[in-house]
Amino acid sequence: MKIALIGFGEVGQILAAALAGQGELSVYDRLFEQEDSAPSRALRLFEVRPGADAADAVRDADLVISAVTAAQDLVAARSVVAGLKEGAFLLDLNSVSPGQKSASAAVIGPAGGRYVEAAVMSPFPPKGIASPMLLGGPHARAFLEDCGALGFSGAQVFSPTLGQASAAKMCRSVMIKGIEALVTESMLSARRYGVDATVLASLGDLLPLPDWSATARYMISRSIEHGVRRAEEMDEVAQTVREAGLDPLMSRATAERQAWAPQFADALAEEDLGRMLDAILQDIDGKSR
C-alpha cells in the first residue's frame, strides 16, 4: 500500500513510525520549505519520500492521512486534489467543526477521493495510531475494512452521516479544554489569595479524585505545553457551537485562556503544583512591571 502523510508535526511523525514497513510512505509539510524547521529535521529520522508539494506527496497513494493544524484543514484538502488517485481514501484526523469537515469532504469527493472523518477521542500519545477514533461519513466502513489492519485498532465506525463524529469530539472538548482553563484560573487566583489548599480540599469533596493537586498540575501543564494548538481547536469548537445555534460564550473564553498559557513554559520545570503556580504568578508580576 502507498500511504501519504500531509503534516509532519508530532502526530505525523508518530504515524510515520507506526506505518514504517507497511508500505511506501511519502510525506509533505509546508514547513519543509524551512530547512531548520522541526518537520525538516525530523525527515532525517525516517525512511520516507518527501514530496515537492502536497500534490506530489499524494500521487498514486492509496491512503492519504491529513494531520495538520485545525486552521489548515481545508487548505490541506485543497492542496492534494491535483495529485489525488481515483478511489484513494483521505483520512482527516484534524480537530475541526462538522461544517469544516463537510467543506473538506466537498473538495475531496469531486476529485475522486473517498473522504473519511476521524475524531480522535484521547491525546494522540501514547497510543498513537491505535488511539480511540470515531470514524464518520459514507466511506468510513470501507476504510476500516481496507486499512484497519495498518494499526487503527482503536477506530470504530461511528456514523455514516458526515459531521457527527466531529460533533462528538468538539462537544467533548467544550468540557475537557474548558476544565483545564477553569482549573488554571481557579488555582492561580487561589494561590494569590493563599487559599489554594482549601480550594483543592473542597474540590476533592465535590469531585473525588485520588490526587487533586497532581490532577490540577497536569491540567495546567497541558495548557502550557499545547495551548496554541488547543486554542485553535477551541476556535473550531466555538464554530461547532455556533453551527448548533448557540452563542459559544464558554468556548470563546476557553480559547483565550488556552492561548494565554504557553507563555509560562518555564514553569513546567516545577514538579510541585504550588511551586508551578508561584512561578507563573512571578512571571505575571514581572510582565506587569
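The values are calculated or read from the model by the stated rules, or taken from the named source; none is laboratory data. All values derive from a computational prediction rather than experimental measurement. Cβ coordinates were reconstructed from backbone atoms using ideal geometry, including for glycine residues, and neighbour counts include every protein chain displayed. Calculation scope for accessible area: heavy atoms of the full protein, side chains included, ligands and nucleic acids excluded. Shrake-Rupley method; radii C 1.70, N 1.55, O 1.52, S 1.80 Å.
Each listed q (0.12, 0.15, 0.16 Å⁻¹) maps to a log10 I(q)/I(0) for the chain, found by the Debye formula over equal Cα scatterers with no solvent: -0.81, -1.12, -1.22.
Cβ-Cβ distance of residue 47 and residue 175, R₀ of 41 Å, FRET efficiency by 1/(1 + (r/R0)^6): the value works out to about 0.55. For the range 55-104, the convex hull spanned by the alpha carbon atoms encloses 68 Å³ per residue. Tell me the angle of helix 98-108 to the major Cα principal axis of the chain, expressed in degrees between 0 and 90 and rounded to the nearest ten. It is inclined by approximately 20 degrees. Restricting the range 180-245 to chymotrypsin sites (Phe, Trp or Tyr not before Pro) that sit in a DSSP loop and have at most 10 other Cβ atoms within 10 Å of their own Cβ leaves nothing.
Along its three principal directions, the equivalent ellipsoid of the range 142-194 from the Cα gyration tensor extends over semi-axes of 39, 14, 5 Å, largest first. Each label point was placed 7 Å from the Cα along the Cα-to-Cβ direction; for residue 36 and residue 103 their separation is 3.4 nm.
Along the axis of the charge dipole computed for the range 181-272 (Cβ charges of +1 for Lys and Arg, -1 for Asp and Glu, origin at the Cα centre), the listed residues 202, 261, 249 are led at the positive end by 249.
Residue ranking by accessible heavy-atom surface, 1.4 Å probe, largest first, among 226, 139 comes out as 139, 226. Solvent exposure of the chain amounts to 48 Å² per residue of accessible area, where only protein heavy atoms count and the probe is 1.4 Å. Seen against the Cα atoms of the chain and their longest principal axis, helix 164-193 is set at about 20 degrees.
Label-to-label distance for residue 121 and residue 1 is 2.1 nm, based on points extended 7 Å past Cα in the beta-carbon direction.
Per-atom-type breakdown for the chain gives carbon and sulfur 54% of the accessible area (1.4 Å probe, protein chains only).
Scattering from the C-alpha atoms of the range 36-178 alone, worked out with Debye: what is log10 I(q)/I(0) at q = 0.20 1/Å? Summing over Cα pairs of the range 36-178 leads to -1.31. What whole number of Å gives the distance from the Cα centroid of the range 110-125 to the Cα centroid of the range 16-94? Measuring centre to centre over Cα atoms gives 14 Å.
Against the criterion of solvent-accessible heavy-atom surface with a 1.4 angstrom probe, 129, 14 sort, most first, into 14, 129.
For the range 223-289, the normalised intensity computed at q = 0.22, 0.24, 0.27 Å⁻¹ comes to -0.86, -0.93, -1.05 (log10 of I(q)/I(0), Debye sum over alpha carbons, equal scatterers, no solvent).
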